[in-house]
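No lab work stands behind these numbers, since they all come straight from the coordinates. Please read all numbers here as calculations on a predicted model, not as lab measurements. Note: ideal-geometry Cβ built from the backbone for every residue, glycine included; neighbour counts use all protein chains shown.
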Amino acid sequence: MSKHILLVNPWIYDFTAYDLWMKPLGLLYLASHLKNSGYRVTLLDCMDRHHPFMPVSDNPGPKRLKNMGCGGYYREKIPKPVQFLSIPRYWSRFGIPWDRIKKQLIEIEPPEWVFITGIMTYWYPGQVAFFNLVRQIWEKAQVIIGGWYSTLCSEHAHQWGFDRIIIGVDPLQVIKQLSSDFRELSPITDYKKFFSVKPAFDLYTKLDYTVILTSIGCPFRCTYCASGRYFPGFWRRPWRQVLNEIIYDYQNYRIQDIAFYDDALLYRTEDGFLPLLKALKKEQIPLRFHLPNSIHARYVTQEIAELMRECNFKTLRISLEFSDAIIQKNTGNKVNNSIFEKAIQFFLQAGYDSEELEVYLLFGLPGLNVKDYEDSIQYIIDLGLKPRLSLFSPLPGTPDFERVTRYQIKEDPLLQNKIAYLYLSEQNELYESLQRKIAWERERYIEKE
């Protein structure tokens with residue numbers, strides 16, 4: 001009999017969490033490869049809002065997002081870690097309740113292997129908690145963890161007793177490390193073979209949306225971002241393969257929404273995204289598309305903006321981060337105000353309303369002052385756009401992580417939590433003040449119009 005493998009997307013332990021088109025895509029690709037190799041695969045996604053054991057959340061979130069497949073997670077308020085006792089926020093375990101997960105584990109066939117993924121470094125308590133639960137129920141199961149925590153904080157991860165720790169988020173690095181135990185995966189030696197399968201969304205009983213990845217890597221090396229540093233280069237999937245996957249998801253899962261997970265969706269667009277848009281326009285598939293990771297203004301053209309409008313790209317987030325030219329240059333030089341304004345004009349001329357365009361500004365970066373934030377916010381509002389403050393989270397391996405002055409943050413990944421860092425760096429009052437300023441300035445701008 002073939003071996004049984006349990007793939008797990010664990011709980012989130014945090015002050016806040018929301019399902020903004022969030023699925024463990026890498027884990028789903030791995031599931032497909034393991035199934036094709038003859039393994040019996042079970043998926044347990046503790047964050048699946050449609051799981052029969054998941055209670056209804058008391059926080060559905062904004063109506064607009066709810067209508068496009070997103071929603072709040074069920075939460076159980078639990079005691080805060082001692083490091084967070086001074087933070088005036090509730091600490092919660094988000095996802096399917098603990099006792100219901102334990103009940104399901106007891107009822108399923110014991111697996112030989114349990115693979116626990118992870119996204120944020122500071123979400124590691126979910127991985128550790130699931131590992132401890134597995135040890136209570138199955139002493140012989142081998143437990144593997146992967147994701148950003150095990151990659152960026154591998155020394156910290158070794159203390160918990162996991163059987164294997166996967167270091168690396170590039171899919172080929174992951175496959176290479178797993179091949180020593182799962183030899184059937186060893187032929188997967190390039191991205192073409194890795195992406196030759198579709199992610200195993202069929203392991204879910206119900207879906208509101210699916211997610212898609214058209215490329216690996218990012219050409220930029222922004223000082224606050226880890227993404228571009230952990231992939232050997234940039235690689236793009238053939239656009240026809242992506243198109244077929246979109247059509248497949250629509251026909252088989254009856255979804256209305258798809259989110260793109262790319263870090264650099266528009267880079268080298270003539271090789272991938274542009275022909276994909278043209279094909280989507282011809283297909284006329286009744287889908288809504290979303291870009292939660294934001295896009296690079298540098299690569300927006302009038303043609304791309306018009307095609308995105310015609311293909312029903314509904315959620316557009318554009319990265320600016322800062323309006324000051326020196327800060328822009330010192331943090332990666334991915335955009336300047338002239339490039340940004342040109343991209344905005346392309347979208348407006350394509351028929352997008354200014355209310356549909358959200359602009360990311362980064363808050364909390366070491367070295368910035370009140371005027372830097374106020375100038376960036378005013379710049380965006382004067383353009384008639386919506387600023388969205390994105391909280392800085394110190395990521396190991398990035399230049400800005402090294403600029404963080406609090407030693408404890410570097411030692412304990414839990415303190416890399418973006419809300420925790422907001423309070424521990426004593427910037428919470430400034431953040432709240434700026435949020436009020438955004439609301440007030442936006443209201444005043446709309447009244448002038």
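A few comments on the model shown:
- With respect to the chain, whose longest principal axis is taken over its alpha-carbon atoms, helix 337-349 is tilted by about 90°.
- Here Cα extents along the principal axes in Å was calculated from the structure, and among (i) 69, 55, 40; (ii) 110, 52, 49; (iii) 67, 50, 44 it sits at label (i).
- Sequence-distant contacts, meaning Cα pairs under 8 Å at least 6 residues apart, place the relative contact order of the chain at 13 percent.
- Placing pseudo-labels 7 Å out from each Cα toward the beta carbon at Glu411 and Ile108 gives an inter-label distance of 3.7 nm.
- Neighbour cut-off at most 16 other Cβ (10 Å), DSSP loop, chymotrypsin sites (Phe, Trp or Tyr not before Pro), region 386-443: none
- C-alpha center-to-center spacing [region 56-107, region 151-209] in angstrom: 26 Å
- Angle in degrees between helix 273-283 and the longest Cα principal axis of the chain, rounded to the nearest 10: 80 degrees
- Trypsin sites (Lys or Arg not before Pro) within region 196-263, DSSP loop, no more than 13 other Cβ atoms inside 10 Å: Lys206, Arg254
- The chain - share of DSSP beta bridges that are antiparallel (%, nearest 5): 20 percent
- Length gained on full extension, Asn132 to Trp160: 9.2 nm, using 0.36 nm per residue less the C-alpha separation.
- Cα-based helix-to-principal-axis angle, 428-448 vs the chain, degrees rounded to 10: 50 degrees
- Point-to-point label distance, Asp375-Thr189, nm (Cα→Cβ direction, 7 Å offset): 5.3 nm
- Straight-distance candidates among the lysines for linking to Lys176, with alpha-carbon spacing under 25 Å and chain neighbours fewer than 8 residues away dropped: Lys3, Lys23, Lys35, Lys140, Lys192, Lys193, Lys198.
- Global form of region 165-256, assessed from the alpha-carbon gyration tensor, a/c cut-off 1.5: oblate
- In the chain, the calculated helix contribution to ellipticity at 222 nm averages -10500 deg cm²/dmol per residue, counting -39,500 (n - 2.57) for every DSSP H run with n ≥ 4.
- Cα centroid separation, region 11-42 to region 323-376 (Å): 33 Å
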